[in-house]
Amino acid sequence: MVHDSSFHLHNIRIDADQTVGITVRDGVITDVSAGQTVASDELASIDGANGLILPALVDGHMHVDKTLFGQPWLPYPAGPDRESRIETEKQLRNRFPAPVEDRAAALLRQVITTGTGALRTHVDIDLPIGLAHLHAILALRDRFKAFLDIQIVAFPQSGIARSPGMADLLDAAVAEGADLVGGIDPIAFDEDLTAHYDVIFGIAERHGVGIDIHLHDAGPTGVKELDGLIERTRAAGLEGQVTASHAFCVGGCDEATFERLAAALAETKISIATHGGGASPLPPVKKLRDRGVSIFAGNDNIRDTWTPYGNGDMLERAMLTAWRSGFRTDEDMEIALDLASGAGAKELGLAGHGLDVGCAADFFVVDADTPAHAVADRPVRRMVFKRGRLVARDGALTAQAEAELR
Ligand SMILES: [Zn+2]
């Protein structure tokens, strides 16, 4: 019997002039053969029409509970700083026209059509909403589980030390299913580095989860916050389980400080998540990779009270990261693509990401000559497969996916 997730994909390229045929059985790649290939009798055959195949994109940093994707246009409502954005969001979120489940689901459906197969989303935990957003996103994680691998970070957007009661709420969020504990600017925003790190490292150690903390501050304050993170990671033995999101200070410091930080990040295996764009100093992608520091990409905020930008497309994020980094050669553009794909998969702990035999059949097909060409053009995703099932075609979910997600 022909299984839904077993087929032979032929007439497909992995680069400008390398045509292959890929056999998938029960959602796993079982054969990759060079040249024009034909399916064995029992398998369905799918014509790749000479398209380029790429492994699933991975969005390593999102905020799906904040999004207004699919909602009427909202002109940017906040002031120019972090404090104003946080307060504005708190005031407006109860008056959004759609509940968090619907807004987040609209964005999740969109990212499937762009070829994203896995993502890590930070979810707001604060005193006014408690765990309400977490419960909504946990339910969506379950509803979307055949389409997206979703990791959840319990994110204290309004601080911890400055919000009595938050430590217990964050602990409860992890106990109820968040995969990692988050944090935010322990000195410049939360105004108590020691208390902030005591709480998040305490939760990480008690529950055996990783940490992904927002560090926005550039300059000496950011460096002090990152130094603290490095020190606490070592002390807790959490090497390889901690991410610094943004880490703008790594992009804005002097050479000697950069080298010191890069060596410490590599040694403690603290990774950096970047959204690649914006006006803040970007951590230098190639220099960090050269020094053994893992860096991966995410869209961050998409169409919410924090930013009017974003469409959920990680190929676009790869392009922005490449553009901002001054990447022009194919080789460099493929590094930007790796940030949006393989590097993210590694950080999210996804086994079997890629196009090799044994990998999960999570991939998509575009009309492009090479991977770099795909980054530059961001063409429509002609076919998107998740665990060997066709889930989207030409920018829209398949009818079967629509039915299952209803
Ligand atoms: Zn963020």
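Of note:
- Förster radius 51 Å - calculated FRET efficiency between ARG95 and ASP31 (Cβ-Cβ, nearest 0.05): 0.40
- Reported to the nearest whole Å, the Cα centre-to-centre distance from the range 74-133 to the range 229-258 is 27.
- Counting only the Cα atoms, the chain fills a convex hull of 132 Å³ per residue.
- Antiparallel DSSP beta bridges within the chain, as percent of all bridges there, nearest 5: 45
- Stokes-Einstein D in µm²/s, Kirkwood radius over Cα pairs - the range 232-302 at 10 °C with 1.306 mPa s viscosity: 128
- In this simple spin-label model, placing a label point 7 Å from the Cα along the Cα-to-Cβ direction at both ARG260 and ALA146 gives a separation of 5.4 nm.
- Binning the C-alpha pair distances of the range 112-219 at 10 Å intervals from 0 yields a P(r) profile of 15, 46, 29, 10, 1 %, listed from the shortest bin outward.
- Label-point separation in nm, GLU42 to ARG162, each point 7 Å along Cα→Cβ: 6.3
- Maximal additional length on extending the ASP192-TRP73 stretch stands at 39.1 nm, based on 0.36 nm per residue less the C-alpha distance.
- Whole-Hz ³J(HN,Hα) from phi, Karplus 6.51 cos²θ - 1.76 cosθ + 1.60, for the range 181-198, glycine and proline x: 9, x, x, 7, 5, x, 9, 5, 9, 7, 6, 7, 4, 5, 5, 4, 5, 4
- Once the Cβ-Cβ distance of HIS207 and LYS346 is raised to the sixth power relative to R0 = 22 Å, the FRET efficiency obtained is 0.45.
- The C-alpha atoms of the chain define a longest principal axis, and helix 132-143 lies at about 10 degrees to it.
- Between helix 219-236 and the chain: long-axis angle, C-alpha atoms, 0 to 90°, nearest 10: 80
- Largest first and in whole Å, the equivalent-ellipsoid semi-axes of the range 140-295 read 25, 19, 15, each the square root of five times a Cα gyration tensor eigenvalue.
- Given their separation in residues at 0.36 nm each and the Cα-Cα distance between them, ALA236 and LYS269 gain 10.6 nm when the chain is fully extended.
- For the chain, the longest principal axis of the alpha carbon atoms and the long axis of helix 314-324 meet at an angle near 60°.
- Over the range 301-389, the Kirkwood radius and the radius of gyration, each from Cα atoms, give a ratio Rg/Rh of 0.98.
- The ALA139 and ASN11 beta-carbon pair, evaluated with R₀ = 41 Å, returns a calculated FRET efficiency of approximately 0.55.
- Farthest toward positive dipole pole in the range 60-347 [+1 Lys/Arg, -1 Asp/Glu at C-beta], among SER341, HIS216, GLY202: SER341
- Calculated mean residue ellipticity, 222 nm, the chain: -10500 deg cm²/dmol, from DSSP H runs (n ≥ 4) at -39500 (n - 2.57) each, averaged per residue and rounded to 500.
- Over all Cα atoms in the range 43-137, the spread is summed up by Rg and Dmax: 17.3, 58 Å.
Read-outs: derived from the displayed coordinates by stated rules, not from any lab. Since the model is a prediction, treat every value here as computed from it, not as a measurement. Virtual Cβ from ideal backbone geometry, glycine too; neighbours counted across all protein chains shown.
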